[in-house]
C-alpha cells in the first residue's frame, strides 16, 4: 500500500510493499498501547531497535 504521511509539515510518500535496504530512510509507526494513536518517526533501520514498532514504511519521496 502507498500513502502520504505528514511529519513536521513535510509530506512523505511511503510504501510498505518494497524491499528495505540498509541505508534507506524509513518511517516507523510506533504504538505504545492499543488505546493510543500511532506516532510516526523518521529514521534508519537501526535507530529504533527495541521500541514497540507497529509498522515500517519505506520513503519514496518527500515534499515540503
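The values are calculated or read from the model by the stated rules, or taken from the named source; none is laboratory data. Since the model is a prediction, treat every value here as computed from it, not as a measurement. With ideal geometry, Cβ positions are generated from the backbone for all residues, glycine too; neighbour counts draw on all protein chains shown.
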Look through region 36-51, keep the residues that are at pLDDT below 70 and assigned to a loop (DSSP other than H, G, I, E, B), and return whichever of them is surrounded by the most Cβ atoms within 10 Å (Cβ to Cβ).
-> 51
Test result for residue 24, at pLDDT 70 or above, surrounded by 12 or more Cβ atoms within 10 Å (Cβ to Cβ) and either within 8 Å of the chain's Cα centre (by Cα) or in a loop (DSSP other than H, G, I, E, B) (or both) | yes
